[in-house]
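Below is one structure, written out as structure tokens, with a few remarks after it.
The values are calculated or read from the model by the stated rules, or taken from the named source; none is laboratory data. Being a predicted model, the structure only gives us computed values, none of them experimental. Note that each Cβ is placed from the backbone with ideal geometry, even for glycine, and that neighbours are counted across all protein chains shown. These area figures cover heavy atoms from the full protein model, side chains too; ligands, DNA and RNA do not enter into them. Shrake-Rupley method; radii C 1.70, N 1.55, O 1.52, S 1.80 Å.
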Amino acid sequence: MPPDLRIRVGSRTSPMAVAQAEHVRDLLFRSGEDLDVELIGIETSGDRWQGDLAELGGKGTFLKEIDRHLLRGDIDVAVHCVKDVPGDVPLPEGTTFAAYLPREDVHDVVLFPAGSPYRGLDELPAGARIGTAAVRRKAQILRKRPDLHVDRIRGNVNSRIARFDSEGRLDAMVLARAGLRRIGMEHRAVEVLSLDDMCPAVGAGVIGVQCRTADTGIVELLRLLDDPRTRTHVTAERTMLRDLRGRCNSPIAGHCTTTADGQLSLLGMVFGRDGGHFACAQERDTLDHAHELGARVAAALARKGAHRLIAGTAR
Ligand SMILES: NCc1[nH]cc(CCC(=O)O)c1CC(=O)O
């Protein structure tokens, strides 16, 4: 007997994206349904392009190309890092994130070259070079250590680590622990940055699984993988991001958690380019008010000058 349902799962071709798609495939197999799951790698122009992503139209470029495959029916399911889903454009009509997998670790970590005598950002001498592509990380590194140089490094996580090791140009590099874990490189993390020193990106550590809204069978199947607590946290964070009209690489951080007494707590931060200026707001609400909470934190940040900071015009 052929399986009841054949599902084509699309993802980008980087090792991290493939690991995520394989994880979703394994979860689908374990769902108990009779399935045939095929993984389809989609090489996007952003993966081939080695220049500045902003010139290509930003991180959303990857998403748009994968969306097109989903809408055209070349794939049935797309697997994304929620962190990479732009906050300022709506999802394409006719698609939905039917599952958010349980959130993984949200800490950023610091890598050092082999043989480095240093074990933490605090130990680095003035003028040391730190690699990261995220303005959120750059601002928070400079907030603590304005004497360090932050250099852009881009490409997928494996190629970043390969260049970091081979070029010897940088004294340290900051990456997400969740991403390292997915590609089996967690042993490279030397320092784990505290959440106070490095507020995570909106959607950090969350894998989102998208499908066509009209595919009710697949929507129902993916629902089995959905983690309601993660969905609530992502809803609060992404409502905040949307209201701030955060671009893919805006200097915005946001982290929603559930407190011990069962409330939602959302911390939002917006940074100026040099890390010297920032706005910060934290609010609480009940579990059924994730949207309202996100909107309230965004409004509080706006009152504190968030839009000038995002535009890079604060002083
Ligand atoms: N921008 C790339 C990206 N998108 C998601 C992750 C890490 C895993 C996650 O937070 O979901 C990474 C790598 C990194 O930031 O080091």
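Applying 1/(1 + (r/R0)^6) with R0 = 30 Å to the Cβ-Cβ distance of T259 and A299 gives a FRET efficiency near 0.90. Could you give me the percent of Cα pairs per 5 Å distance bin for the stretch 239-311, shortest bin first, beginning at zero and ending with the bin that holds the maximum distance? Spelled out per bin, shortest first, that is 3, 19, 30, 22, 14, 8, 3, 0. As a test of the formula, what do you get for the chain when each DSSP H run with n ≥ 4 contributes -39,500 (n - 2.57) and the sum is divided by the residue count, at 222 nm and rounded to the nearest 500 deg cm²/dmol? For the chain, the value works out to -10000 deg cm²/dmol. Put one equal scatterer on each alpha carbon of the chain, apply the Debye formula with no solvent term, and list log10 I(q)/I(0) at q = 0.08 1/Å to two decimals. Treating every Cα as an identical point scatterer, log10 I(q)/I(0) equals -0.37. Extension gain, R169 to E220, is 13.5 nm, computed as 0.36 nm per intervening residue step minus the present C-alpha separation. Relative contact order, whole percent, for the stretch 239-311 stands at 35, derived from Cα pairs under 8 Å and 6 or more residues apart. Ligands, DNA and RNA left out, the 1.4 Å accessible surface of the stretch 84-225 is 51% carbon and sulfur atoms. By a 1.4 Å probe calculation restricted to protein chains, V270 has an accessible surface near 0 Å², given to the nearest 10. In this structure, the amide hydrogen of I40, modeled 1.01 Å from its nitrogen in the peptide plane, lies closer than 5 angstrom to those of V9, G10, S11, counting only residues at least 5 positions away or on a different chain. Rounded to two decimals, the Cα radius of gyration of the stretch 108-192 over 2.2 N^0.38 Å is 0.98. Residues in the stretch 239-311 average 46 Å² of solvent-accessible surface per residue, probe 1.4 Å, ligands and nucleic acids excluded. Only Cα pairs under 8 Å and 6+ residues apart enter the sum, and on that basis the relative contact order of the stretch 108-192 stands at 49 percent.
Take the chain and mark each of the GluC sites (Glu not before Pro) that is in a DSSP loop with at most 14 other Cβ atoms within 10 Å; the longest unmarked stretch, sites excluded, is 94-315. The distance between label points at S31 and A126 comes to 5.8 nm (points 7 Å beyond Cα on the Cα→Cβ vector).
Relative to the longest principal axis of the Cα atoms of the chain, the long axis of helix 15-30 makes an angle of roughly 40 degrees. Accessible surface computed residue by residue for the stretch 108-192, with neighbouring protein chains in place and a 1.4 Å probe, gives 43 Å² per residue.
Here the Karplus relation 6.51 cos²θ - 1.76 cosθ + 1.60, evaluated at θ = phi - 60°, turns the backbone of the stretch 136-149 into coupling constants of 4, 6, 4, 4, 6, 5, 5, 4, 8, 10, x, 8, 8, 9 Hz, with x for every Gly and Pro.
Computed over neighbours whose Cβ is under 14 Å from that of G32, the net charge equals -3, Lys and Arg +1, Asp and Glu -1.
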